[in-house]
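K.L.:
Shown below is the structure under consideration.
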Ligand SMILES: O=P(O)(O)OC[C@H]1O[C@H](OP(=O)(O)OP(=O)(O)O)[C@H](O)[C@@H]1O
């Protein structure tokens with residue numbers, strides 16, 4: 001049985017059948033008419049800066065998508081923040097990549113949305129542990145994409161096991177309510193003790209303490225049961241029972257401290273977004289964040305041809321490599337001509353035509369990704385994450 005879950009295969013994505021039918025019909029029509037113009041196309045979300053930044057990611061998948069295609073691609077670095085103007089520029093014969101547009105936009109749009117939302121969570125509690133718990137909300141085939149976006153945005157870890165294998169990271173997390181149910185009400189100590197005995201030593205002993213009784217009672221019981229071995233408690237109080245969540249956490253902290261358990265950390269989870277995290281970051285040590293990341297809006301990227309010229313067999317005639325230019329062209333409402341985007345020292349994001357000067361102190365952000373079908377960039381998630389956080393600070397991401 002191949003592909004039992006009906007997911008679109010990697011082969012279909014690479015060969016271009018993972019596309020909208022109108023691109024196939026365009027290909028057929030252009031071939032019929034003997035047309036294959038040389039184009040420069042750009043991927044943009046907004047034409048001009050809006051004052052609101054998003055995180056760019058998915059670029060490694062784009063490199064894989066274009067490998068072996070006779071095109072040149074330039075793109076922002078992974079993790080760079082952007083606000084208007086192109087995040088990517090593709091140059092080549094249009095038929096070389098026409099059908100890839102659908103997958104190309106999908107590779108960028110959803111992961112960039114996840115990473116932007118994860119960055120909001122990260123910056124809401126810069127000094128706390130923040131883990132990605134959202135794998136359960138997405139199709140299993142894209143869980144590593146979610147967890148990668150979370151790491152890119154600087155989260156400390158994630159929960160998904162198979163994603164961990166792909167990303168080369170140990171997943172985090174300790175126990176679900178299901179474990180507590182299996183031991184039953186009144187037997188919480190048995191559950192926590194069995195966990196402590198069973199799991200490897202390097203797994204933190206964080207007891208789930210909201211299952212049957214109130215959070216204070218279960219937290220104290222966990223501390224009594226595991227003593228110094230208890231690293232923390234997790235409070236995942238259901239929203240209907242939450243009341244004043246901050247007060248509940250402060251009360252648990254107070255009662256733990258009063259009995260000498262100052263070293264026991266408090267972790268929270270369940271429907272947490274940046275505002276709640278900001279409100280709890282001084283009373284809890286860590287947060288599990290799921291839906292805020294997975295429910296992020298996709299970034300509304302589109303691909304547009306911005307320069308066009310008659311096709312040529314000579315690939316060295318590319319603009320990227322020779323400086324030759326086609327005719328500027330654009331749809332109404334979009335901006336014609338190949339562009340560059342710049343970051344200035346004051347954190348500004350600027351868009352200008354690529355053959356004009358940018359701002360005096362502007363750093364051009366588009367970098368070579370593919371040349372004549374060869375990937376010319378290396379990828380390093382840790383470096384991308386550092387870039388993301390540094391750029392977030394530079395542009396004042398999340399500040400009003
Ligand atoms: O609300 P989110 O931000 O998306 O967080 C993801 C999940 O993590 C917590 O689940 P928990 O591990 O407690 O689930 P369980 O009830 O299955 O044990 C929380 O209750 C959510 O279901």
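K.L.:
Can you figure out the FRET efficiency of residue 67 with residue 203, using R₀ = 35 Å and their beta-carbon distance, to the nearest 0.05? The partial results should precede the final answer.
P.N.:
Working: r = 39 Å, r/R0 = 1.12.
Efficiency for this residue pair is about 0.35.
K.L.:
While we're here: Taking only Cα atoms and a 10 Å spring cutoff, compute GNM fluctuations for the chain and point out the largest among 113, 227, 173.
P.N.:
Maximum fluctuation in the GNM of the chain, among the listed residues, is at 227.
K.L.:
Also, quick follow-up: Multiply the residue separation of residue 239 and residue 185 by 0.36 nm, subtract the distance between their alpha-carbon atoms, and state the gained length in nm to one decimal. Intermediate values should be presented prior to the final figure.
P.N.:
On the way: separation 54, 0.36 × 54 = 19.44 nm, distance 2.07 nm.
Taking 0.36 nm per residue and subtracting the Cα distance, the gain is 17.4 nm.
K.L.:
While we're looking at this one, here's another question. Which whole-angstrom value gives the distance between the alpha carbon centres of segment 199-233 and segment 240-314?
P.N.:
Measuring centre to centre over Cα atoms gives 22 Å.
K.L.:
Round to the nearest 10 and give me the degree value, 0 to 90, for the angle of helix 215-226's Cα axis relative to the longest principal axis of the chain.
P.N.:
That helix lies at roughly 80 degrees to the long axis.
K.L.:
Gain in length, residue 336 to residue 169, computed as 0.36 nm per residue apart minus the alpha-carbon separation, to one decimal in nm?
P.N.:
On the way: separation 167, 0.36 × 167 = 60.12 nm, distance 4.33 nm.
Full-extension gain reported as 55.8 nm.
K.L.:
Hey, what angle do you get for helix 143-152 against the long axis of the chain, alpha-carbon based, 0 to 90 degrees rounded to 10?
P.N.:
Helix 143-152 sits at roughly 90 degrees to that axis.
K.L.:
Still on this model: Out of every Cα pair in segment 91-165, what percent are spaced more than 19 Å from each other? Before the final figure, lay out the partial values.
P.N.:
Working: 1183 of 2775 pairs.
Cα-Cα pairs of segment 91-165 separated by over 19 Å account for 43 percent.
K.L.:
Still on this structure: Can you give the extra length, in nm with one decimal, that the chain gains between residue 2 and residue 141 once fully stretched, where that is 0.36 nm per residue apart less the Cα-Cα distance?
P.N.:
Details: separation 139, 0.36 × 139 = 50.04 nm, distance 1.47 nm.
Once the chain is fully extended between residue 2 and residue 141, it gains 48.6 nm.
K.L.:
Now for a different question. Of 89, 281, 241, which is the most mobile in a GNM of the chain whose springs link Cα atoms less than 10 angstrom apart?
P.N.:
So, out of 89, 281, 241, the one fluctuating most is 241.
K.L.:
Okay, next question. If you fit an axis through the alpha-carbon atoms of helix 245-258 and take the longest principal axis of the Cα set of the chain, what angle between them do you get, 0 to 90°, nearest 10?
P.N.:
It is inclined by approximately 50 degrees.
K.L.:
Oh, and also: Share of antiparallel DSSP beta bridges in the chain, in percent to the nearest 5?
P.N.:
Numbers: 35 of 51 bridges.
Around 70 percent of the beta bridges assigned by DSSP in the chain are antiparallel ones.
K.L.:
Moving to a separate point now. Which residue, 255, 42, 91, tops the fluctuation ranking in a GNM of the chain built on C-alpha contacts under 10 Å?
P.N.:
Looking only at 255, 42, 91, the largest GNM fluctuation is found for 255.
K.L.:
Mind giving me the FRET efficiency for residue 325 and residue 35? R0 is 30 Å, r the Cβ-Cβ distance, nearest 0.05 is fine. Don't skip to the answer; put the middle values down first.
P.N.:
Values: r = 20 Å, r/R0 = 0.65.
E between residue 325 and residue 35, to the nearest 0.05, is 0.95.
K.L.:
Sticking with the crude label model, points 7 Å out along Cα→Cβ, report the distance from residue 196 to residue 24 in nm, one decimal please.
P.N.:
So the two model labels end up 6.1 nm from each other.
K.L.:
What is the calculated FRET efficiency for residue 279 to residue 364, with r their C-beta to C-beta distance and R₀ = 51 Å, to the nearest 0.05?
P.N.:
On the way: r = 40 Å, r/R0 = 0.78.
Computed FRET efficiency for residue 279 and residue 364 comes out at 0.80.
Since every read-out is calculated from the coordinates, none of them should be taken as a lab result. Since this is a predicted model, take the numbers as computed values, not measurements. All Cβ positions, glycine included, derive from the backbone under ideal geometry; neighbour counts span all protein chains shown.
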